[in-house]
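Just below is one structure, and these are the notes that go with it.
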């Protein structure tokens, strides 16, 4: 069938369908006219339309009022600054923010170019231009969407500061009401100043001052007419019309701006034509800001402000907040130095993947995070922070929380004997596959003996131990209530941040403050919007139990699994931890060390993000991670207050006591032997004396024997008293 016949058949079918439908449409039309007239439909439509317009206007008016335009200039002119624990400036957070300069530091050529191209009636209208609005409405009616244009400089400022870039009538309406509010609050010069400082000019540059340095190597005050035309020309499309990426397009756009400036009477036509012929010369002396210097820490600050205090990240970056944190800049630099030293870390996997790592330092008295590193390798802004966001198995670092703290609370003592043998209810072995029969509790902790921990965990009650873990701030799944929890077996794992926070209990008399990065946030007007100077505190255990735990945990570093990680010259308490690789026998997946003093708690982890046949760690935490922990602890503790522990190392104290007892026994033995020798001499003297007296006569024998017997009795009595002292 050819195309002509097909067309004719389609026309015939459509005609047939129309002839069938037409009577029904006529009937519906007559019915509609009767109903329309009877029920005053026209009036109803008008009333509904007016009601919708009124409600919409009220909503937009409320939106404009709630935008708090009073803080707009302060937010745009001030950068968000981060302060450390001593209220010293630590850096700045930059989003859509450049170097803010006042209008008298901006070339008038920029102002003339902007007004000519973007808003010729800027100094006449009150924030909106009726002609521009009409063009926007026509665009909606004719093309179904806004085709661009129509916004005044004030409206564009409102859009940049408060709204998204979507081209919708709803956004235009919001923009209009916000512009009216801005015009009420600020002068035309202030609006011009804010707009020029807040506009984007490609290549990561915001504001005319930084753009002038990026493209022409000079201040905004010194731009010539043709240079100003290039800068303002970029506003139509920064990516398309910037001279670094698209030199010819930038020149063409410059020429267009110069023509418009001539038409608007800002420059002579002859000058415009001459400058359009001139070559365009670029110069770049722009220096990117280095305020975001503690990358992982600042990322965590933004995350906490957003998640805990509901401050949007774009607001935090752009609205001139002052953020007071718990950061210790020296600790952070010390930690960064350690993590930049690749020689301290295990070798990469055979496919080149790095062994990852994370570390965090907390002040046990305040709960404030003083330093954090979230990973190794190239930093990704707002990327994964393994210290605060990963789900990791804590291994034996769980033992003090799940087992030994509740055991002490139940009445056990540090020198009580624990079973270290094959268990009937749970299959568990020590790292060296040796059972020791019975060991005192302090030794079981120091040597990280697994059967002893599980045996004691079962004795005190699994539910008792699990509840205590949750009281320490570690979240558990229902499936975690089993014997393996004593060894760190968890369904979802936990973070170094939560583990470090848990160990602050031992360093802070049994109390734990909520871990936090932010102490206080002040907005651009000076109002305090967040006050967390005194973080929430709760009691986890008694000061006595905390002291006993510290006494035992010092033994981990003095004589146990943490000996290789002990920083030289410092007394430290804590725990090591290792989890087994399920892919490679006798190798590990995770390695942990948590160490603390009365001043700081440091939790460090290394491992691969995904364990596999080629992604595993060799050895245990007493080997691989030890160099890393020792290096950073050595650095951090050298800058800490170095407050000494008030409780002695239990293992060392008992060893000293045992040594003292042995010394005393040896001394007593020597004295006994000496006295026994003296007694023998006395007996010999007495015997000789008796023999002589026998020769002289028996007359005085009785008296001498009596006196010798008395002296012999006194010597024996003195010797007996010394033995029993």
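Only the coordinates and a few stated rules stand behind these numbers; no lab work does. In this text, all values refer to a predicted model and were calculated from it rather than measured experimentally. So basically every Cβ, Gly included, is an ideal-geometry build from the backbone, and we count neighbours across all protein chains shown.
Brief remarks follow.
- Linear extension gain, residue 54 paired with residue 333, 0.36 nm per residue minus alpha-carbon span: 94.6 nm
- Sorted largest first, the spans of the alpha carbon positions of segment 378-463 along the three principal axes are 52, 30, 23 Å.
- Pairwise label distance in nanometres, residue 27 with residue 614, each label 7 Å out on the Cα-Cβ vector: 7.7 nm
- Between residue 525 and residue 470, the distance separating the two model label sites (each 7 Å from Cα on the Cα→Cβ line) works out to 4.3 nm.
- Potential extension, residue 308-residue 103 segment - 0.36 nm per residue separation minus Cα distance: 70.0 nm
- Between segment 263-311 and segment 586-648, the alpha-carbon centres lie 43 Å apart.
- Residue 184/residue 585 FRET efficiency (R0 60 Å; Cβ-Cβ; nearest 0.05): 0.20
- Segment 239-260 and segment 548-584 have Cα centres separated by 65 Å.
- Peptides 81-94, 637-650, ordered by how many other C-beta atoms sit within 10 Å of their residues on average, highest first, read 81-94, 637-650.
- Scoring 327-334, 440-447, 628-635, 100-107 by mean Cβ neighbours within 10 Å over their residues and listing the highest first yields 440-447, 628-635, 327-334, 100-107.
- Whole-angstrom gap from segment 195-229 to segment 509-527, using each part's C-alpha centre: 38 Å
- Residues listed by number, segment 322-346, amide nitrogen under 18 Å from residue 642 label point at 7 Å toward C-beta: 330-331, 334
- Förster-model FRET efficiency, 51 Å R0, residue 244 and residue 435, C-beta, rounded to 0.05: 0.10
- Once the C-beta distance of residue 126 and residue 264 is scaled by a Förster radius of 30 Å, the resulting FRET efficiency is 0.90 to the nearest 0.05.
- Model label zone, residue 365; criterion: amide N under 12 Å from point 7 Å along Cα-to-beta-carbon; scope segment 570-585: none
- Ordering 557, 247, 345 from the fewest to the most neighbouring beta carbons within 10 Å gives 247, 345, 557.
- With the simple spin-label model, which puts each label point 7 Å out from Cα in the Cβ direction, the residue 425 to residue 478 separation comes to 2.1 nm.
- Put in order of Cβ neighbour count within 10 Å, fewest first, the listed residues 13, 390 become 13, 390.
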